[in-house]
Amino acid sequence: MQNNWYLIESVPLGKHKLKSQFQNKSGRFLFCLDVGGSKTRGALFDSEGKELARASAAGGALSLGVECSRNALVEVWNKLCEVAPEAGPSVANTELWAGIAGLSLPGAVEQLALELSNFATTNFVNDGYGALLGATGGGPGALISVGTGVVALRLDRAGRCLTLGGWGQPAGDIGGGAWLGREVLSHLFKQLDGVETALPIPDVRVQGILQITGGS
């Protein structure tokens, strides 16, 4: 079977180029985020690249709505400021960099950037691409990211990023958390209806799932 890789980014990043550029901005802070469908994680760095604090919130993917994304990012920001108040971060002296799921939704990221425009800068990339840069430092490499969804990415020596998968729910992202949950429920419903299934679920698991979902 032939795999077709799709070019999603073309950014000539040398290794650690972003880090070296930011280190020239004395007095600035860097607010970095990984925004997915299930969880939002963020960290605060000073201009020397020293990590000051970490925090998390619920999922804030753009597929959940711009308001949800904004609320998740603001919640993480407020938590970070509470942990490291002595450092003096403020939206005016902080650059926001986020890898966010659902970036391709028309108009969504533009609206989010507008609502967060009080930050010194707002910079958004696809969450998979952001994870790839974090893993490779901007150099050639590959990554398979498995979370709520699934995507494989490869960064070549020319700075081009090629991707496989990551199409989103409900048709894509086979093997991701959302897909696994949907498959479990599909087999559960068949079993409850008496339909034969190749993957029977033990009764104790059935009761556990029903308890969590509020079924009977």
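When you scan the stretch 45-90, how many residues do you find that are surrounded by fewer than 20 Cβ atoms within 10 Å (Cβ to Cβ) and part of a loop (DSSP other than H, G, I, E, B)?
10
Taking the stretch 110-160 only, how many residues are assigned to a loop (DSSP other than H, G, I, E, B) and out of contact with any Ser or Thr (no Cβ under 7 Å at 6 or more places or on another chain)? Give the derivation first.
Of the stretch 110-160, the ones assigned to a loop (DSSP other than H, G, I, E, B) are 116-120, 137-140, 147-149, 156-159.
Narrowing the set further to residues that are out of contact with any Ser or Thr (no Cβ under 7 Å at 6 or more places or on another chain) leaves 117-118, 137-140, 149, 156-158.
Within the stretch 110-160, residues that are assigned to a loop (DSSP other than H, G, I, E, B) and out of contact with any Ser or Thr (no Cβ under 7 Å at 6 or more places or on another chain) number 10.
For the stretch 167-183: of the residues being out of contact with any strand residue (DSSP E or B) (no Cβ under 6 Å at 6 or more places or on another chain) and part of a loop (DSSP other than H, G, I, E, B), which is modelled with the highest pLDDT?
ILE174
Mind listing just one residue for me: the one in the stretch 92-126 that is under 25 Å from SER38 (Cα atoms) and β-branched (Val, Ile, Thr) and, of those, farthest from the chain's Cα centre (by Cα)? Can you show your working first?
Taking the stretch 92-126 and keeping what is under 25 Å from SER38 (Cα atoms), we get 95-117, 119, 122-126.
Going one step further and asking which of them are β-branched (Val, Ile, Thr), we end up with 100, 109, 122, 125.
Values: ILE100: 5, VAL109: 14, THR122: 16, VAL125: 10 Å.
By that ranking, first place goes to THR122.
The values are calculated or read from the model by the stated rules, or taken from the named source; none is laboratory data. All of these numbers come straight from a predicted model, not from anything done at the bench. Cβ atoms come from the backbone with ideal geometry, glycine included; neighbour counts cover every protein chain shown.
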